[in-house]
Every structure is written in structure tokens, then in C-alpha cells.
Amino acid sequence: MRHHPRTIVVLAAPLLAALCFGCAKKAPRSHAPDDYGDAAGAAYEYDDGHAAPYDEYEEYADGALAGSDSAPESIPYDMQDDAPEMTSASRSAPEAEPAEVSYEAEEAMTAKHSRDRGRALRQERRSNRRDRGKALATAPSPGVATAPTQKATAATPPPKVAVTPLPAPIHDTEAYGHIQENEFIAVADDPRSTFSIDVDTASYSNMRRFLREGRLPPADAVRIEELVNYFDYAYPQPRGEDPFSVTTEVAPCPWNTDHRLVHVGLQGKDVAAKEVPPRNLVFLLDVSGSMSDSDKLPLLKHGMKMLADQLRPQDRVSIVVYAGASGVVLEPTADRDAIKQALSRLEAGGSTNGGAGIELAYQLAAQSFVKGGINRVILATDGDFNVGVTSEGDLVRLIEHKRESGVFLSVLGFGRGNLNDSTMEQLADKGNGNYAYIDSGAEAHKVLVEQAGATLMTIAKDVKIQVEFNPAEVAAYRLVGYENRKLAHRDFNDDTKDAGEIGAGHTVTALYEVVPVGQGTAPEVDPLKYQDPGTALRPAASSGELMTVKLRYKQPTGHTSKLSSVPVMDRDGVVADSSESFRFAAAVAEFGLLLRHSKWRGNASWAQAYALAGSALGIDSHGRRAELLGLIEQAAALSGQDVEAVAETTIAR
């Protein structure tokens, strides 16, 4: 069940009520996590032995206060305590299978919590203010003596709503690559911006995991392009033979209204389920000791069982495992029961020799290679490689060599405390695949069911974007995110240079913050001494075009790229009249700037990001956009900000 961790836990009232009114059920008792395996943080244990985090406990307590005589009968996997109190007997007991998860229930609760949390927080604050107002009204004036009384002169105000952080994992060795934020660049110095597309989404779900734990993510864990690209956008389908469409839009930049924000969106061609070619999927599973926590291997096994239920007769799944050594535990098959039985037998233990497992997985994929099909190795790990080929450079070179076989690599990250995000991102990038982080049953369903069909079907590879800015219109520009995807300008026309892939139905979004001519040059950049930016302009500079977006891509099995270009005009649009896609992407980017404490965040605020996202929820059938609202509130509260102003915030025009 996808849910948001509460920012306040009310314990005294339910416990006192249970004692005073003699509730039939015992009040749950708390226990603290004893190691970093407790992914859910502090939880409460019922008298029947099962454990649940605060959300579920409050529902139970509410029922007790109302006279309910029954606690919840079952706890979905995501709500179980990941590290219950252990005894010597339980440590030696075989690993229990996780309870079945209803991902529909997770999404329903996600939307409900996102809608209700802000309302509850605002009502609490309004109540606090009313109580404080009453107290002030009845308090004596300063300097006036009063007779002693049995009661206090003024009532103590109720406690303020505050975040109660959950315990952080001990021995935290999570590794994130340093992100050097893109700077503003003067068009006079360099009118071109070149980068590879990126369809990774790991940073968003990992950020969500941090906020659910009650702490802000490290700045380097926040890759803004992955936050933006976690969501789908309503871009038009491509026409003709092109594998994707290009959409552009320009409006004021919400966090700096003197600047313009340029939105570039790509929409991959949708492919009907019946047209998806056969899938040859080799799952390379890390079963080392570091994967024993319940938010790692058990969650992975649960997600793969959901995938097994979706297999078609023409699909094949095989399983390779690695720890200190590697081996094949399931030959290619479409037999759902065989897959589930193989998964049930897996247990974690030993060191982590990822290199040997990768070699074996690619061998198995080559043996079952489907010409014209989807051939993919899917690596599932926490990235904690510690024996064999362990350096990031050696692993990347291994993957670069293997991708030439036509078998692509996707990476699924799991767990907390020792997550090696940096290595996993690089492996997926060089393996012509994507990187996702799975923090819940609902995310497992999204990645392993929703996106394991057509979206694994590559419709264009080595997709590069090069933007040329018109110096008559733009003084300076900054690419928002994509720091790890920048390319040299000469790489755009070099077909030997690797770039990102687009799968069927994928959307890719990029944002540029531009400084219009007349609004100054790039911040912290002095004007040129020996060159006049206004000279030697070509006739096209007077066209009124803001910039031109050029794209290069190859067919999935091709070696020669195709070029297309789209001119971008600034119609002087305003944010309030912009599309839902523009507003929502801008809100996510603003959220990311705040999480990163970006020096380019300008006038960004949690309230504005919340209002902007709330104005662009659209259809949101899975509740993922609504979920973002709750995450913005959580981040704001963790930052010590009062987000009550959200209700009154209007969208900047």
C-alpha cells in the first residue's frame, strides 16, 4: 500500500482513551528499529504480533476509540515492519514470504493521503491559532497584578504540527556521484547546448523514500531530470515514420519571472500490446548478504511474481543469481509456476561478485536471443559490489562491451543504507537501458508490470539533442538538470558516440531557463571586451525564433543517425495559460531546485511548487501527481517551512 509517512504522531490521546474506557484491544507497543534493515523506520506492534508503521496504527487507534473490537486483519507488504524484534530462534528461521500487496490499494491510499494531508495540517494550524487567540484574549494585561487561582491564567497552546523524523539507517554508506549544477552560459560565448536524453527515474523514487523516512535527501541524490521524467505527459503521438514527436512551449520561469522557461517534450510512439515482440528477459539477481533486508530481495521476489503473471506464451524469463559465485537457477521459460517456485527458493547470503554474474547473464541472453525481439538483462541489486570486478570503471567497460551484442541492460535498485546509486546509474547508462529504484510494491508494479512490456521495446537509440540559441533573442541560457548527460558539441554528429534510448510510449522532457536579451547577460559573466555580440548575425536571427531544437537518433538496429529540427517561437505566453504538462514539469523542477538547495532557485518556494503542481494534476489515473503534493508538504515541513500559505498561493503570470 503506497502511503505517506505522517509528519505528526499522536500517541497520548489513543493510549489514555484505551486505558480510561477499557478498550478490549491492548494498545500497540512501540519498538525501535535495531539496524538499517528497518526500512519503514519506527513502527508499532499489535497484540497479535504483526507490526505496522504510524499510518496504520492511527487507523487502529481510531477504531479502538470508536469502540471497534477488531484490529486490521492484514497488513500489505509495504506496511509491514521491516525489522521486527528478533530472537535467536527467529534469526535461524527460514525467510518468510512477504504478504501479497494490492498495488491498487497503494495507489488509492496515495491519492487519498495526498489530498487529506494538507487539509489536516491546515485545520490543525487554524485550531492552534484559535486556541492561542482565546488564550491571549483571557490573559491579563502586562503589569496588572492578579489574585492566585486554582487554574492557569492562560491555557497552554496545543503543540505545533512538526515532523518526527524516523531513525536513519546506521552505517550509512550510500554512494551518490557529485552533481556540478549547470551554469548560465552567455549565448555570445557558446550558442549551443548538447546532451543525451535520459529516461531514468530512480532519483524520484529514492527521493520519495528519504522523505518517507522523515529526512531530506542528499543534494547529490536529486537529479532533476529524473524527477521530471518520472511522470508521463500528454504530448501528441508522432506522425508518419518518425518514432517520436517533439513538443515545445515557452512561458515565464516560475522561480524567476524575468526569465523564460522553455519546455521541450518528446513522445515515443505507442505500440499496442499485441504488437509487442517476444521478450527474452534475463534477470540477474543479487542474492548476497546485503540483500537480506525485507525491502531488498523479498520485495524484488514479490515484484517478479507480479511480472510472471503477465507473461505471454512467446515470452521467456530466465534467472541468474550472484553472490560470492554466480549460477543459473532458472533456464529460459514462460512457465509462471516454475518462475515463482524458483523465486521462492532464493535466499540471501555471501559477498557480491557482480562482474561474474553480468558475464553469465549476457551469455544466457545470447543463447536465447530473439531476432527482432526484446533482449534485455535486468540487474536487480543494491549496487554493493565487493568482490571480483568491483571498480565502477571496470564494470562500465564490461557493460560497454556487452551492449554491442544487441542485449541491453536495465538496472533496478533496492534498499537503503548501502545503496550504490552512482555505480548503478553508470551501468544502466552504458548498457543502453534505464535505471529505476524500487521502494514499494506499487513502484514494483509500475516498473515490472506497467513498464516491462512495450516500454522495454526500444524505438530509437542514441538519441541526442542539440539546441542553438538565437543571439538576437536570448542573452544566456541554463539547462535544468542533465548534468550527467552533457555531450561535446562535436559528439552530436558523431554516430560512434553513445546516447540514450527511447522506449515505446516513453516521454522525455527537458527544460531550459533562458535570459531574454535586455534582461542582462548570464549571472556572474562579464561582457566581452573584444567582441560585439550584436554583429555578424545571419538573416535567420531576425526571424523571431528563440532557438532551434535539433535531434539525432538511430533505428534500434541501425548504425546511421537521422536528423530532425524544430524551431521554437516565444509567443509571450503566461504560466496560468500554459499547458498542464508545462506547469507540472515546471513544478517538479522547482521542487528539485529546492531539494538541492540550488543556487539558481531564485524565488522558488514550496508553496509555489505545490500550487503549480496542484493546478496541473490532469487525469492522474494512478494518483502519482497527487502523491507529489504530499511529498512537497513533507519536504517543506522537514525544512522548517510553514506550508499553510499554499492554500492562498496563486500561480505567477
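Assuming charge only on the beta carbon of Lys and Arg (+1) and of Asp and Glu (-1), the dipole of the range 231-281 about its Cα centre is about 140 debye to the nearest 20. Given R₀ = 45 Å, what would the calculated FRET efficiency be for MET569 paired with ALA366, taking r from the Cβ atoms and rounding to 0.05? Result of the calculation: an efficiency of 0.40. With all protein chains in place and ligands, DNA and RNA left out, the 1.4 Å accessible area ranks HIS622, HIS401 as HIS401, HIS622, largest first. Here the spin labels are modelled as points 7 Å beyond Cα on the Cα-Cβ line, and at THR257 and LYS486 they lie 3.1 nm apart.
Pairs of Cα atoms nearer than 8 Å and 6+ residues apart set the relative contact order; for the range 403-534 it is 26 percent. The label point for ASP309 and the one for GLU275, both projected 7 Å from the Cα toward the Cβ, are 2.8 nm apart. Summing Cβ point charges (Lys, Arg +1; Asp, Glu -1) relative to the Cα centre of the range 265-351 gives a dipole of roughly 180 debye. Here the range 411-458 is treated as a Stokes sphere of Kirkwood radius computed over C-alpha pairs; at 20 °C and 1.002 mPa s its diffusion coefficient rounds to 187 µm²/s.
Report D for the range 235-325 in µm² per second (integer): Stokes-Einstein, Kirkwood Rh on Cα pairs, 4 °C, 1.567 mPa s. Roughly 73 µm²/s, to the nearest whole number.
Please list, by residue number, everything in the range 175-198 whose backbone N is under 15 Å from a paramagnetic label point 7 Å out along Cα→Cβ of TYR530. The answer is 189, whose backbone nitrogens lie closer than 15 Å to the label point.
Which Cα, out of GLY265, SER292, THR247, lies furthest along the positive dipole direction of the range 247-328 (beta carbon charges, K/R +1, D/E -1)? Farthest towards the positive pole: SER292. Taking a 25 Å limit on the Cα-Cα distance, which of the listed pairs LYS486/LYS554; LYS296/LYS486; LYS269/LYS446; LYS274/LYS562; LYS274/LYS550 fall beyond it? Result: LYS296/LYS486; LYS274/LYS562; LYS274/LYS550 exceed 25 Å. Evaluated over the Cα positions of the range 171-260, the convex hull gives a direction-averaged projected area, one quarter of its surface, of 9.3 nm². Pair-distance distribution P(r) for the range 397-507, from all Cα-Cα distances in 5 Å bins starting at 0: 2, 10, 16, 19, 20, 14, 9, 6, 4, 1, 0 percent. Using label points projected 7 Å from each Cα along Cα→Cβ, tell me how many nm separate ASP394 and SER639, to one decimal. Distance between label points: 4.2 nm.
Once the C-beta distance of THR557 and GLN519 is scaled by a Förster radius of 51 Å, the resulting FRET efficiency is 0.65 to the nearest 0.05.
The values are calculated or read from the model by the stated rules, or taken from the named source; none is laboratory data. Values in this document were obtained by computation on a predicted structure and should not be read as measured data. Neighbour counts are summed over all protein chains in view; Cβ atoms, including those assigned to glycine, are modelled from backbone coordinates with ideal geometry. Quick note on the areas: whole protein, heavy atoms, side chains included, nothing else; ligands and nucleic acids left out. Shrake-Rupley method; radii C 1.70, N 1.55, O 1.52, S 1.80 Å.
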